[in-house]
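*Asks:* This is the structure I have questions about; it appears just below.
The values are calculated or read from the model by the stated rules, or taken from the named source; none is laboratory data. Remember, predicted model here, so these are calculated numbers, not experimental data. Ideal geometry is used to build each Cβ from the backbone, glycine not excepted, and the neighbour counts take in all protein chains shown. Remember, those area values only see protein heavy atoms, side chains included, never the ligands or the DNA or RNA. Shrake-Rupley method; radii C 1.70, N 1.55, O 1.52, S 1.80 Å.
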Amino acid sequence: MADHNLMANAIRALAMDAVQQANSGHPGAPMGMADMAVALWSEHLKHNPTNPQWANRDRFILSNGHASMLNYAVLHLTGYKLPMAELKNFRQLHSKTAGHPEVGVTPGVETTTGPLGQGITNAVGFALAEKLLAKEFNRTYIDNTADEANGETKLNIVDHHTYVFMGDGCLMEGISHEAVSLAGAWKLNKLIALYDDNGISIDGQVTPWFIDNTALRFAACGWNVVGPVDGHNAAAVSQAITEAKTSADKPTLVICKTHIGKGSPNRANTSKAHGEPLGAEEIKLTRESIGWNHPPFTIPKEVYADWDAKSAGKSNEEAWNATFAAYKAKFPDLAKEFLRRMKGDLPKNFNQTAFDTVVAAHTKAETVASRKASQLALESFTAALPEMLGGSADLTGSNLTNTKSTPSLRFDLNGDVVVNEAGQGGRHINYGVREFGMAAIMNGVALHGGYIPYGGTFLTFSDYSRNAIRMAALMKLRVIHVFTHDSIGLGEDGPTHQSIEHAASLRLIPNLDVWRPADTAETAVAWAVALQNKSKPTALLLSRQNIAYIPKTDLEDISKGAYVLSVPRDVGLNKAAQAVIIATGSEVQLAIAAQKLLATKKIAVQVVSMPSKTTFDHQSTEYKTAVLPAKLPRIAVEMGVTDGWWKYGCAAVVGIDTYGESAPAPELFKHFGFTAENVAETVQKVLQKK
């Protein structure tokens, strides 16, 4: 029989040794949660160390990511490809054991955590994806040869739990309230969160600033609550998890009372155990206290044997493979679709769908707001891509993220997904007023696999979502943010809602693709590119006000982020361009109007539409030079801060470096100089200086 105490002490020893060697890190939480890890990983977690990406594995999320050495220790001990050399290399350059867990770096790590509260919120996304995929793909059929009663055979190819470890800090962060509330509303019964209730944070005992009744808070949000249990009694924790797994219609919180730095004679139950090495003398005393008489980074064979999960993992996956083989034989098309979706591949006809959508937009040449253009594109894409899972933070009617193919997601009293008369389950989520939660939940959905999440809110509220957007970019996730009401063009709601710095700010996030399209064709292209961005998130910045369609001779170069939209001969001038006007979004029509005004004065300009600076910046030097000729002065036009435009060598920028005002949009355009006349005058002033 496995020795739970030795198994837990192995985690404690590895945590304090690795932190000490790195002279950096957080030993206290791994030492305090070690027994919780023994209970979950050795008796409940369904995983396969030899195949970390097995589709039906349980997902483990370490929301308090500073406890990363707990994650690395159990991954090493259970048999993942994480050798002891990597643990010795904790927090060092290019190691697989970063200071906080990073998905795609360490085998077995499901999400990148560190910013507290986002792990539990990612977990809600994981659990939601599992529930929706199970509804969509699991099947029961009548087989008269089966042993089951009534001849029913269940082929559940999606059937796993999502487990979370989290601490006081996660629960103090406001995002946890958003996540917990939605998990209860969605009745995510396969979500089980284990709360490391040790009462300590960096500043000390939390009682002066954290007095929440956590059990009542979760119960009020529709969760089961188990405990408090002794978090250092692996058997008690295991029994609590067993109870949690019986829930049919609620997520479960297991409250585990623990001691941070468990085993350390002088650091346990103090903030000193949280974020610094214990020190050589305290480690020596701790070894004596817990009876661990082994040198640093040395694990006895019997402890490895108790932890080894490779055989059980292989058996679990083989059992699922047998189920999937039967499923594939009975439902071959569904099996093929499931594998495609989990791999993240787009349908084979995607390119044709994208082509048809863009051409249709160009042919119809409609004058609509780009948020409406987005919905028109979505009608096509959501019909062709069942993996698209949309939503809005209580602004569906404004963001226009819903389509005919995406009914609202609803759950019945038993927690089952409601289907409409056509047999469709919901594919559009009402997140409520929870922008940050929506963004982090979408990250979890994307990480789980099987869906491409997109969600909408006003651009100015992207500030609420920002850290989750950054995390999506860091994790290289295909998540699409629909940000509408992108400028002073929204009008009377005033400066609190008018985005000024937001476009420029989002463009600063590495690996985030930002698009601000000028009409229906550009919007359709932006969606097509976003859906193909398998390793990066995308932000679509869309107008409230209508935008006239701008005639084009070619659609191919839109996807490159910027292209020559109009040359002097298009406005009757048979001469070389003297300047270039660069514009984005709704301001492109101003650039075209200014070009026409200048033509009446025999001033020839070239107009460049730049829907995506982030995409254009990655084009070849040759292409960028063709779009922005080296010797021509450049004038940028965008209803936002001017700072981001000077890198293009602009001689002038028509922008806004103040906040907006509350007034009808046409008045604001005149007030802030967004008129064809002002743009034309700016070009003339630039040319006069040459």
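*Asks:* Where the second residue is among the β-branched types (Val, Ile, Thr) and the first is at positive phi and lies in the stretch 540-567, which pairs have Cβ atoms under 8 Å and are six or more apart or on separate chains?
*Replies:* If the second residue must be among the β-branched types (Val, Ile, Thr), the pairs left are 561/614; 561/615.
*Asks:* Yes or no: residue 32 of a type outside the set (Lys, Arg) and part of a helix (DSSP H, G or I)?
*Replies:* Values: of a type outside the set (Lys, Arg): yes; part of a helix (DSSP H, G or I): yes.
Against the criterion (of a type outside the set (Lys, Arg) and part of a helix (DSSP H, G or I)), residue 32 qualifies.
*Asks:* So, one more: Any residue in the stretch 607-635 that's surrounded by fewer than 20 Cβ atoms within 10 Å (Cβ to Cβ): show its pairings with residues that are basic (Lys, Arg) and in a helix (DSSP H, G or I) at Cβ separation under 7 Å, as long as the two are six or more apart or on different chains.
*Replies:* 619/560; 623/560
*Asks:* Filter the stretch 253-275 for residues that are surrounded by fewer than 18 Cβ atoms within 10 Å (Cβ to Cβ), of a type in the set (S, T, N, Q) and within 22 Å of residue 5 (Cβ to Cβ) and give the result.
*Replies:* If the condition is that a residue be surrounded by fewer than 18 Cβ atoms within 10 Å (Cβ to Cβ), of a type in the set (S, T, N, Q) and within 22 Å of residue 5 (Cβ to Cβ), then 266 is the only one that fits.
*Asks:* Follow-up. If we keep just the residues of the stretch 191-233 that are of a type in the set (Phe, Trp, Tyr) and over 14 Å from residue 254 (Cα atoms), which is least open to solvent (accessible area, probe 1.4 Å)?
*Replies:* Within the stretch 191-233, the subset of a type in the set (Phe, Trp, Tyr) is 195, 209-210, 218, 223.
When the remaining residues are screened for being over 14 Å from residue 254 (Cα atoms), the result is 209-210.
On the way: 209: 115, 210: 22 Å².
In this case the residue turns out to be 210.
*Asks:* Have a look at 536, 552 and point out the one that is closer than 21 Å to residue 356 by Cα, open to solvent by 10 Å² or more (accessible area, probe 1.4 Å) and touching a Leu at 6+ places or on another chain (Cβ under 9 Å). Don't jump to the end; show me each part of the working.
*Replies:* Values: 536 fails: closer than 21 Å to residue 356 by Cα.
The conditions single out 552.
*Asks:* Taking the condition in a helix (DSSP H, G or I) and over 17 Å from the mean Cα position of the chain (by Cα), does residue 526 pass?
*Replies:* So residue 526 fits the description; yes.
*Asks:* Looking at (1) open to solvent by 40 Å² or more (accessible area, probe 1.4 Å); (2) under 19 Å from residue 390 (Cα atoms); (3) polar (S, T, N, Q), which is the only condition residue 496 fails?
*Replies:* It is condition (2) that residue 496 fails.
*Asks:* Tell me whether the stretch 57-79 contains one or more residues that are free of Cβ contacts under 8 Å to residues at least 24 places away in the same chain and among the small types (Gly, Ala, Ser). So that I can check it myself, show each step before the final result.
*Replies:* The initial filter retains those residues of the stretch 57-79 that are free of Cβ contacts under 8 Å to residues at least 24 places away in the same chain, namely none.
There is no residue in the stretch 57-79 that is free of Cβ contacts under 8 Å to residues at least 24 places away in the same chain and among the small types (Gly, Ala, Ser).
*Asks:* Let me ask another. Tell me which residues, restricted to the stretch 375-426, are basic (Lys, Arg) and touching a helix residue (DSSP H, G or I) at 6+ places or on another chain (Cβ under 7 Å). Don't jump to the end; show me each part of the working.
*Replies:* Filtering the stretch 375-426 for residues basic (Lys, Arg) gives 404, 410.
Hit for the stretch 375-426 is 404, nothing else.
*Asks:* Out of all the residues in the stretch 50-64, is one or more open to solvent by less than 10 Å² (accessible area, probe 1.4 Å), touching a strand residue (DSSP E or B) at 6+ places or on another chain (Cβ under 7 Å) and part of a helix (DSSP H, G or I)?
*Replies:* no
*Asks:* Could I ask something else about it? Which of the strands (runs of 3 or more DSSP E) contained wholly in the stretch 117-190 include at least 2 residues that are surrounded by fewer than 15 Cβ atoms within 10 Å (Cβ to Cβ)? Even if it seems obvious, please write down each step before you answer.
*Replies:* Working: elements: 139-142, 152-155, 162-167.
The qualifying strands (runs of 3 or more DSSP E) are 139-142, 152-155.
*Asks:* Can you tell me how many residues in the stretch 300-324 are farther than 16 Å from residue 81 by Cα, in contact (Cβ under 8 Å) with a residue 24 or more places away in the chain and hydrophobic (A, V, I, L, M, F, W, C)?
*Replies:* Residues flagged as farther than 16 Å from residue 81 by Cα, in contact (Cβ under 8 Å) with a residue 24 or more places away in the chain and hydrophobic (A, V, I, L, M, F, W, C) within the stretch 300-324 amount to 3.
*Asks:* Just give me the residues in the stretch 472-485 being open to solvent by 10 Å² or more (accessible area, probe 1.4 Å) and at negative phi, in sequence order.
*Replies:* Result: 474, 475, 477, 478.
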